[in-house]
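A.B. asks: Shown below is the structure under consideration.
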Amino acid sequence: MDKEINLLQEIDTPAIIVDINIVKENIHKYQRYCDDIGIKLRPHIKTHKIPALAKLQIEAGAVGITAQKISEAEAIISEGGINDILITYNIIGEQKLKALRNLANKVKTSVVADSSFCIEGLSKTFEGAKEALPVLVECDTGANRCGVISPQEACDLAELINRSPGLIFSGLMTYPPTSQAQKINSFLTNAKKLIEAKNIAVNTVSIGGSPDMWKVKDIPVATEYRIGTYIFNDRSLVENKICSVKKVAMTVLATVVSTPTKNRAIIDAGSKVLTSDLFGMNDHGSIVNFPELRITQLTEEHGTIVSEQNTNLEIGQKIEIIPNHACVVTNMLNEVNLITEEKKIKKVKVIARGKVW
């Protein structure tokens, strides 16, 4: 977080600041961890949404990337250098399916499904394709999002995929709940055994999640890990002792625009920049070098900072904020201000911003 103050004074606010040195440290540290425990790393690009950063992850050793939506994947491959994408979202609807077929014609693409409805749409779209579309069965191992809720259902869908024209079963995928490794491993192991008993190979078992990023080996059935936030880190990971403040690469730069009272100040970063995500924490981010100050309220364009004593903030003063949730913040602005290795500011477009279909 040691940024040159004069550099920040050049930047108009509100703005996203990204320190490339910390980004590279984070990428290589986690890649080494995955290499050491023998698991493939497939980073989720929804955190940064920037092709150049995805390329850094690939160059460090990632097997490919994860995207949440087709348009997001299309944006990320626009500059080349990325050839393997897993989309971890049910693809429903004729327009999206056509776009998926076009994407698969450009790069190696795999998807997930948790219903016969989804599988039937995929099959209709890829029937007659030169190469079958790899499909993983999404499993709900306790996070209560998408996914089949039993190993037997996973097996049933694996069989359906394998007999569906244009498709091939590729494995199992889950977004797991935190701190429930035994439950997750049991579900996926049982599903894998049932599927293999049908003479169907389970080549990939894909798990993910930043909160348990240093506990991957507790789920030995997994072959692949998907993670997004690690490239930047954020307040939620700092508060949960997943990383230190020094490893936070992304902050929000804001300006004090009003000081109505001595213990209250207003900044130009509201919910449109910091987002309203709390992640179970109090306040809307932590202020660098001002641990005693709290961001207690956000409206669309304003953030309210309070202190039990004098805030000691002045109108026009710029402050850095570690956001609660990095992934959402990146989607709020058109560009980030990259602090380069030469300690210069480089504006980088967030190419996949707003790609939500």
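We did not get these values from a lab; they are worked out from the coordinates using the rules stated. Bear in mind the structure is a predicted one, so any value in this text is a computation, not a measurement. Counting neighbours? That spans all protein chains shown, and the Cβs are built from the backbone with ideal geometry, glycine included.
A.B. asks: For Ser150 and Asn190 in one chain, what is 0.36 nm times their gap in residues minus the Cα-Cα distance, to one decimal in nm?
C.D. replies: That pair, Ser150 and Asn190, stretches by 13.5 nm at full extension.
A.B. asks: A follow-up question, please. Report, in listed order, any pair from Lys69/Lys346; Lys49/Lys347; Lys49/Lys346; Lys96/Lys347 with a Cα-Cα distance greater than 22 Å.
C.D. replies: Result: Lys69/Lys346; Lys96/Lys347 exceed 22 Å.
A.B. asks: Turning to a different aspect of this structure: For Lys262, give me every one of the lysines with a C-alpha distance below 25 angstrom, ignoring sequence neighbours fewer than eight places off in its own chain.
C.D. replies: Straight-distance partners of Lys262: Lys318.
A.B. asks: Also: Specify the angular offset, from 0 to 90 degrees and rounded to the nearest 10, of the alpha carbon long axis of helix 20-37 from the longest principal axis of the alpha carbons in the chain.
C.D. replies: Its long axis makes an angle of about 30 degrees.
A.B. asks: Measure nothing but the geometry: give the 0 to 90° angle between the long axis through the Cα atoms of 181-196 and the longest principal axis through the Cα atoms of the chain, rounded to 10°.
C.D. replies: Around 30 degrees separate the two axes.
A.B. asks: What shape does the range 22-230 take by its C-alpha gyration tensor, where a ≥ b ≥ c are the square roots of the eigenvalues and a/c under 1.5 counts as rounded, a/b above b/c as prolate, and the rest as oblate?
C.D. replies: Oblate.
A.B. asks: Under 1.5 on a/c is rounded, so check that first for the range 212-295, then, if it is not, pick prolate when a/b is larger than b/c and oblate when it is not; a ≥ b ≥ c are the square roots of the alpha carbon gyration tensor eigenvalues.
C.D. replies: prolate
A.B. asks: Follow-up question, since we're still on this one. Would you tally the net charge around Val256, using a Cβ to Cβ cut-off of less than 15 Å, leaving Val256 out, and scoring K and R as +1, D and E as -1?
C.D. replies: -1
A.B. asks: Now a separate question. Starting from 0 in steps of 20 Å, tell me what percent of the Cα-Cα pairs of the chain lands in each bin.
C.D. replies: 29, 52, 17, 1
A.B. asks: Run the dipole for the chain about the Cα centre, Lys and Arg Cβ at +1, Asp and Glu Cβ at -1, nothing else charged, and hand back the magnitude in debye, nearest 20.
C.D. replies: So the dipole magnitude of the chain works out to roughly 540 debye.
A.B. asks: What do you get for the angle between helix 116-126 and the principal long axis of the chain? Use alpha-carbon atoms, 0 to 90 degrees, nearest ten.
C.D. replies: Result, in degrees: 80.
A.B. asks: Could you work out the local net charge near Gln31, counting Lys and Arg as +1, Asp and Glu as -1, over the other residues with Cβ closer than 15 Å to its Cβ?
C.D. replies: Net of charged neighbours comes to +3.
A.B. asks: While we're on this one: Could you name the aspartates and glutamates whose alpha carbon sits less than 19 Å from that of Lys344, not counting residues in the same chain fewer than 8 places away?
C.D. replies: The reachable aspartates and glutamates, counting only those whose Cα sits under 19 Å from Lys344, are Asp2, Glu4, Glu10, Asp12, Asp19, Glu25, Glu320, Glu335.
A.B. asks: Would you calculate a helix-derived [θ] at 222 nm for the chain, using -39,500 (n - 2.57) for each DSSP H run of n ≥ 4 and dividing by the full residue count, to the nearest 500?
C.D. replies: That comes out to -8500 deg cm²/dmol.
A.B. asks: Figure the gain on full extension for Arg101 and Asn199 (residue separation times 0.36 nm, minus the Cα-Cα span) and round it to one decimal in nm.
C.D. replies: Here the answer is 32.5 nm.
A.B. asks: What residue among Ala15, Ala129, Ala62 has the largest mean-square fluctuation in a Gaussian network model of the chain, using Cα springs under 10 Å?
C.D. replies: Ala129
A.B. asks: Using alpha carbon centroids, what distance separates the range 33-85 and the range 166-190, in Å?
C.D. replies: 21
A.B. asks: Tally Lys/Arg at +1 and Asp/Glu at -1 over every other residue whose Cβ is under 14 Å from the Cβ of Ile242; what's the total?
C.D. replies: +3
A.B. asks: For the chain, what is the relative contact order in percent, using Cα pairs closer than 8 Å and at least 6 residues apart in sequence?
C.D. replies: Answer for the chain is 20 percent.
A.B. asks: Calculate the dipole size of the range 182-254 relative to its Cα centre from +1 charges on Lys and Arg beta carbons and -1 charges on Asp and Glu beta carbons; express the result in debye to the nearest 20.
C.D. replies: That gives the range 182-254 a dipole magnitude of about 100 debye.
A.B. asks: Which residue, chosen from Thr223, Pro323, Leu8, occupies the Cα position most advanced towards the positive end of the dipole of the chain, where the dipole is computed from +1 (Lys, Arg) and -1 (Asp, Glu) charges on Cβ about the Cα centre?
C.D. replies: So the residue we want is Thr223.
A.B. asks: Give, in nm to one decimal, the length gained when the segment between Ile92 and Thr340 is fully stretched (0.36 nm per residue of separation minus the Cα-Cα distance).
C.D. replies: Separation in residues times 0.36 nm, less the Cα-Cα distance, equals 85.2 nm.
A.B. asks: Would you give the gap between the C-alpha center of the range 270-349 and the C-alpha center of the range 121-163, rounded to a whole Å?
C.D. replies: Each part reduced to its Cα centre gives a spacing of 40 Å.
A.B. asks: Longer than 26 Å from Cα to Cα, which of Lys46/Lys217; Lys46/Lys241; Lys106/Lys183; Lys55/Lys272 are they? Say none if no pair is.
C.D. replies: Lys106/Lys183; Lys55/Lys272
A.B. asks: Within the range 199-232, find all residues whose amide N lies under 19 Å from a label point positioned 7 Å from the Cα of Arg32 along Cα-to-beta-carbon.
C.D. replies: 213-217, 230-232
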